[in-house]
Amino acid sequence: MRKPRNFDMELKALEDKARELKTRKVQQLGELMIATVADSLTAEELAGALVALAETKDAGKREAWAKRGAAFFQGRSRRSAPAPDRDAGGVPTQLGGAQPASGATGAA
């Protein structure tokens, strides 16, 4: 006879995984802010820049920004070796880090 599924336990595991992923995303965004020196901007300046970016429909500008972002991550990976304690798809935890964010083009 087959063992019945414990839906409550499975749901809790999924909720825990979702919470972990959300926490990691927030942490990586903070690390990206530090790595790009965007943490020196005020909250208003940063919000204004992000709103302008989100409102931009010009595909050429967006592609140029995406290429510049990709170059940023590639340039960082060439300057130093990856640390063994770092996630393979994460943003560097230290300014001298080397790992590109997964889906770096267009993601943030």
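The values are calculated or read from the model by the stated rules, or taken from the named source; none is laboratory data. Since this is a predicted model, take the numbers as computed values, not measurements. With ideal geometry, Cβ positions are generated from the backbone for all residues, glycine too; neighbour counts draw on all protein chains shown.
When the residues of the range 27-43 are filtered to those that are over 14 Å from PHE73 (Cα atoms) and either of a type in the set (Ser, Thr, Tyr) or at pLDDT 95 or above (or both), the one that is surrounded by the most Cβ atoms within 10 Å (Cβ to Cβ) is GLN27.
Listed residues SER77, SER102; which is among the small types (Gly, Ala, Ser), modelled with pLDDT of 50 or more and surrounded by 11 or more Cβ atoms within 10 Å (Cβ to Cβ)?
SER77 is the lone residue from the list that is among the small types (Gly, Ala, Ser), modelled with pLDDT of 50 or more and surrounded by 11 or more Cβ atoms within 10 Å (Cβ to Cβ).
When THR56, THR23 are checked against the criterion of being among the polar types (S, T, N, Q) and under 20 Å from the mean Cα position of the chain (by Cα), THR23 stands alone in meeting it.
The one condition from (1) part of a helix (DSSP H, G or I); (2) more than 18 Å from the chain's Cα centre (by Cα); (3) exposed (fewer than 11 other Cβ atoms within 10 Å of the Cβ) that LYS3 does not meet is (1).
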